[in-house]
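The values are calculated or read from the model by the stated rules, or taken from the named source; none is laboratory data. Just so we're clear, the structure is a prediction, and the values are computed from it rather than from any experiment. Methodologically, a virtual Cβ is constructed for each residue, glycine included, from the backbone with ideal geometry; neighbour enumeration extends over all protein chains shown. The accessibility values were calculated without ligands, DNA or RNA, using every heavy atom of the protein model including side chains. Shrake-Rupley method; radii C 1.70, N 1.55, O 1.52, S 1.80 Å.
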Amino acid sequence: MDNPSWGREIELSRRAVAKINAMEGEERPLFVCVCGDLVDTESSFSRALASWKKVMSGWERALIFEQQVKDFKRIWSALDPDIALVCLCGNHDVGNRPTSQSINHWTSSFGDDFFAFWANGSFNISLNNCLFSDPTGAPDLFREQFIWLEEKLAYAKANNATHIFVYGHYPWFLKHENESDDEITTFSNAPDGWGPKGTRFPDGYFTIPREERQMAMMLFKKYGVTACFSGHFHQNVVAETTWGMPMIVTGPLSMTLKSEMSDELSRGEPAGCGMRIVDVREAGHFVHKFILLEDAE
């Protein structure tokens, strides 16, 4: 999507809701998961490109936040009532360095920032893994969630969950779980109209630091997590751990990025605005595909 705008994102969200509602039969989902960045008013970024975040005062950003929340709920409330909506927080919701204040600001409008639920025998864990990206602003909340995570993983395994899926905003990694923090040296280019000409982002910025990642990977391997799903990277990635756990990153309904290694990371999936359909099958198995919104670009 060139020249991104809030109005354009509203239109793309409407199209997504309509496309989901039109799904029938085995393709019709039990729930839809939005993996973060529901709004875009968090001003804690050290090099935020959106100039209004730099010049507006706190009360002005609060008004924009309230309007964006209303718009999000208005659009997604049109989802058919038999399809649940699962919302995660992202760094544009709670900041690159989340604090108890920024998290409470988000949860006051969207509910818990981490939770778990059953769906037809599968156990689904939704994390605020923004805290894994940088726990220094709320170390107590990070520890609380980590302890809770292991408790829920143990509970799922003890109760013979057919699958354990973990959702978060940040990808845990892009290529493999042992990536060092300086291993990924490629960049992703932004579309025209987003920042100055030639704007690009280091791909390594988008993943969880190795220390916190390894804490999570230890638990995921121990308890047999089936797969992890995330967003944040603004493009598709299909990777897996050395023991075979998929790490699946889904592109956005808004601004798409293009990494210098996008062909390798996406494994042939199409690029653009869209969504991912996950078909959960017999115990431990599932298939997935990324579908584009027609004429979204």
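From the alpha carbon centroid of the stretch 223-286 to that of the stretch 192-207 is 20 Å.
Relative contact order of the chain: 18 percent, from C-alpha pairs under 8 Å at least 6 residues apart in sequence. Just so you know, the Cα atoms of the stretch 157-297 work out to an Rg and Dmax of 15.7, 53 Å. Convex hull volume of the C-alpha atoms in the chain, normalised per residue: 127 Å³. Seen from Ile20, the other residues with C-beta closer than 9 Å to its C-beta sum to a net charge of +1, counting Lys and Arg as +1 and Asp and Glu as -1. Normalised by 2.2 N^0.38 Å, where N is the number of residues, the C-alpha radius of gyration of the stretch 78-186 stands at 1.18. The calculated pair-distance distribution of the stretch 67-109 uses every alpha carbon pair, bins of 10 angstrom beginning at 0, and gives 23, 49, 24, 4 percent. With 19 Å as the limit, the listed pairs Lys19/Lys258; Lys152/Lys222; Lys197/Lys258; Lys19/Lys289 have Lys19/Lys258 beyond it between alpha carbons.
Size of the stretch 249-296 from its Cα atoms: along the principal axes, largest to smallest, the extents are 35, 24, 13 Å. Solvent-accessible surface (1.4 Å probe) assigned to Arg74 amounts to roughly 120 Å². Put simply, the Cα atoms of the stretch 186-264 extend 46, 23, 20 Å along their principal axes, the longest span coming first. Mean sequence separation of contacting Cα pairs (under 8 Å, at least six apart), scaled by the length of the stretch 178-248, corresponds to a relative contact order of 24 percent.
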